[in-house]
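Visitor: Following this message is one structure expressed as structure tokens.
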Amino acid sequence: FHQVAPLNVVPVPNRDSSVPPRASDPAPVKLLIPTLKISAAVEALGVAQDYSLQAPAGISDVGWYRFGAAPGSAGDAIISGHRGYPAGNPAVFNNINRLQPGDEVDVELADGSLVRFAVTRMFSTPYRTLPPGFFATTGGPLLTLVTCTGDFRTKDQTYSDRLVVEAQPFAQKNKGEI
């Protein structure tokens, strides 16, 4: 008999961990990338039945992995978005490959604060291959943007690779601060 864990289970933090519970961290509500003119609503995501990261429902929205780090908090905050479809339909991350090191990526949080990040690197990885530190909930704050790239696999209805953009925080601003 094989039992599958329910999809809404949140990993229990290590008892020795000094990381506060994720519930206290404000959730992201908007992703802003000025150089690409992106202003996208953020959906809270979990995992699909095959335990892969859920995809955002809309092609103009992005999704944040809600069981991981919040942007600006310790660990790797994962935000994913669509990058077009084979039929040529545009999507939120269509031009994400144009980002350069130092480009600004902002995340507005539910408490009204804004966390500002700078792009540090971009790389691609095969689908289902997790880069080291991906989904980390400890360590310095990191924002990781993820989208599809490579060849479209009709059979699987997905692309062969994932484009990963990493960004480090500049500073966190409270609502109303410049």
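The values are calculated or read from the model by the stated rules, or taken from the named source; none is laboratory data. Worth saying up front: this structure is predicted, and the values here are computed from it rather than measured. Cβ coordinates were reconstructed from backbone atoms using ideal geometry, including for glycine residues, and neighbour counts include every protein chain displayed. For accessibility, only protein heavy atoms count, side chains too; no ligands or nucleic acids. Shrake-Rupley method; radii C 1.70, N 1.55, O 1.52, S 1.80 Å.
Visitor: In region 68-134, what is the volume of the convex hull around the alpha carbon atoms, normalised per residue and reported in Å³?
Guide: Normalising the Cα hull of region 68-134 by residue number yields 125 Å³.
Visitor: Which order do the peptides 67-78, 149-160 take when ranked by the mean count of other beta-carbon atoms within 10 Å per residue, highest first? Don't skip to the answer; put the middle values down first.
Guide: On the way: 67-78: 23.0, 149-160: 12.2.
Answer by packing, highest mean first, reads 67-78, 149-160.
Visitor: Taking only protein heavy atoms and a 1.4 Å probe, what accessible area per residue, in Å², does region 35-111 have with all protein chains in place?
Guide: Counting only protein heavy atoms, the per-residue value for region 35-111 is 44 Å².
Visitor: For region 32-178, what is the convex hull (Cα atoms) projected area averaged across all directions, in square nanometres?
Guide: It is 8.6 nm².
Visitor: Of the peptides 130-142, 114-126, how do they stack up when ordered by the mean number of other Cβ atoms within 10 Å, highest first?
Guide: Packing order, densest peptide first, comes out as 114-126, 130-142.
Visitor: Considering only protein heavy atoms and a probe of 1.4 Å, how much of the accessible area of region 40-117 is carbon and sulfur, as a whole percent? Numbers along the way, then the final one.
Guide: Working: 1470 of 3150 Å².
That share works out to 47 percent.
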